[in-house]
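Everything below concerns the one structure shown next.
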Amino acid sequence: MCSTRNSMTDPGQKAERLLEVEGLTIVLRHRHRPPAAIARDVSLHVNAGEIVGLIGESGSGKTMTAKSLIGLLPDRMEVVSGHVRFRGRDLLDGGDPGRVRGREIALIPQDALHALNPVKTIGWQVGEPLKVHGRLRQRRIANVVGDLLERVHIPDARRRVGDYPHQFSGGMQQRALTAMALSMEPPLILADEPTTALDVTIQAEIIDLIGELRDATGASFLFISHDLALVSSFCDRIYVMYAGEIVESGTTDAIFNHTRHPYTRALIGAAPRLAGNPERLPTIPGRIPRPHEEIRGCRFRERCPEAGAACGEAPRLETAGGDHAYRCWYA
Ligand SMILES: Nc1ncnc2c1ncn2[C@@H]1O[C@H](COP(=O)(O)OP(=O)(O)OP(=O)(O)O)[C@@H](O)[C@H]1O
Ligand SMILES: [Mg+2]
């Protein structure tokens, strides 16, 4: 079920640490109540050439974590503590994290259909980062855009650069956004739910494309999704996020075959493809707490079938050997 295809994770080989996030806390400021934590003490890393999954239910803070890395947090949201290092440089320390956007870290935003401008051609939009960064002359940009669209397998790419988004299918729009992210040849791409709006066959094609691009360009991906079953087939490592916290992380094999956290177990159980029971569509009972809700102890406690007396105190991060870590007293 779980395959890891990346030779760069060979234990004999020391991979370059591309992105390192340490103790990142993001808050949302309110006028009438105390700030609410959107991400709490989040630590994660991505090595060169890896595809790393960031998984969790809706509202767990995946998108805001990704956006904070490139200075795209919305109004009233800010990073209050932690470090973000990219190739060893601290992006939050005295600088604008936005300066790495596009060139070093690109974002494929959630919801392709709304991310593209309906009144600009696909070619214009895919070429925009190249124009903004003033890298190439107009004629050369047109050629590069054609190359990029070919690279993401848009059929008849050079003719279709003049098409508008509505002339592209959902899968092709997603490919166009991927081409845009690739335009500046960034070493790291944050892919935020790039397959959610697509049907299963097109999803599989986008996944294959990401694997192919990683192999061809050496780019790393942080792949954000709520679908654990989907990422099991191609991510090297996985971070499981719940209510703003990373509750378990490890290699794809450790997450699936040596699961420690009850939330990870619940996510696996809620995925019919993994639970081996395609007729039943179980969900996790209860709901994810909202950021401003004060919860003492473990944030999953209310929904956890294994909760006990110890859970009134927030669990520490424990390690289970290698990269495998979890936050649970009873794991
Ligand atoms: N612009 C905003 N202003 C205020 N709060 C926001 C804003 N965007 C998101 N939030 C809140 O921040 C929290 C984390 O949201 P985020 O979008 O990061 O979740 P997510 O894990 O990406 O969820 P999804 O799977 O639905 O995309 C949520 O409680 C959400 O309501
Ligand atoms: Mg999101």
Are there any pairs, at least 6 apart or on different chains, whose C-beta atoms fall under 6 Å, with the first in the range 61-79 and charged (D, E, K, R) and the second within 12 Å of ligand 2 (Cβ to nearest atom), and if so, which?
Lys62/Leu54; Lys62/Gly56; Lys62/Ile224; Lys62/Met241
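Kindly evaluate Glu78 against the criterion of being in contact with an Asp or Glu (Cβ under 7 Å, 6 or more places away or on another chain), among the acidic types (Asp, Glu), away from ligand 2 (no atom under 16 Å from the Cβ) and assigned by TED's automatic domain parsing to the domain that holds Phe221. Full working, then the answer.
On the way: in contact with an Asp or Glu (Cβ under 7 Å, 6 or more places away or on another chain): no; among the acidic types (Asp, Glu): yes; away from ligand 2 (no atom under 16 Å from the Cβ): yes; assigned by TED's automatic domain parsing to the domain that holds Phe221: yes.
Judged against the criteria, Glu78 is not a match.
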So if I check each of Asp75, Asp90, Asp111, Asp96, which one is touching a His at 6+ places or on another chain (Cβ under 6 Å), of a type outside the set (Phe, Trp, Tyr) and within 30 Å of Ala36 (Cβ to Cβ)?
Asp90
Could you list, in sequence order, the residues of the range 44-61 that are within 16 Å of ligand 2 (Cβ to nearest atom) and in contact with a Gly (Cβ under 6 Å, 6 or more places away or on another chain)?
Gly61
Looking at the range 156-183, I want the residues that are free of Cβ contacts under 8 Å to residues at least 40 places away in the same chain and have a partner that is among the charged types (D, E, K, R) and surrounded by fewer than 19 Cβ atoms within 10 Å (Cβ to Cβ) with Cβ atoms under 7 Å, at least 6 apart or on another chain. Which pairs are those?
Ala157/Glu150; Gly171/Glu205
Of all the residues that make up the range 41-73, how many are within 14 Å of ligand 1 (Cβ to nearest atom), more than 20 Å from Arg103 (Cα to Cα) and of a type in the set (S, T, N, Q)?
2
Just one of (1) assigned by TED's automatic domain parsing to the domain that holds Ala66; (2) over 26 Å from the mean Cα position of the chain (by Cα); (3) among the hydrophobic types (A, V, I, L, M, F, W, C) trips up Leu136, so point out which.
(1)
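If you take just the helices (runs of 4 or more DSSP H) that sit entirely in the range 103-212, which of them hold at least 1 residues that are among the aromatic types (Phe, Trp, Tyr)?
Details: elements: 112-115, 122-132, 138-151, 157-160, 170-182.
Ranges flagged: 122-132.
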Return the only residue of Ile255, Ile268, Ile224, Ile288 being under 20 Å from the mean Cα position of the chain (by Cα) and assigned to a strand (DSSP E or B).
Ile224
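The values are calculated or read from the model by the stated rules, or taken from the named source; none is laboratory data. Here the structure is a predicted model, which is why all the values come from computation and not from measurement. Methodologically, a virtual Cβ is constructed for each residue, glycine included, from the backbone with ideal geometry; neighbour enumeration extends over all protein chains shown.
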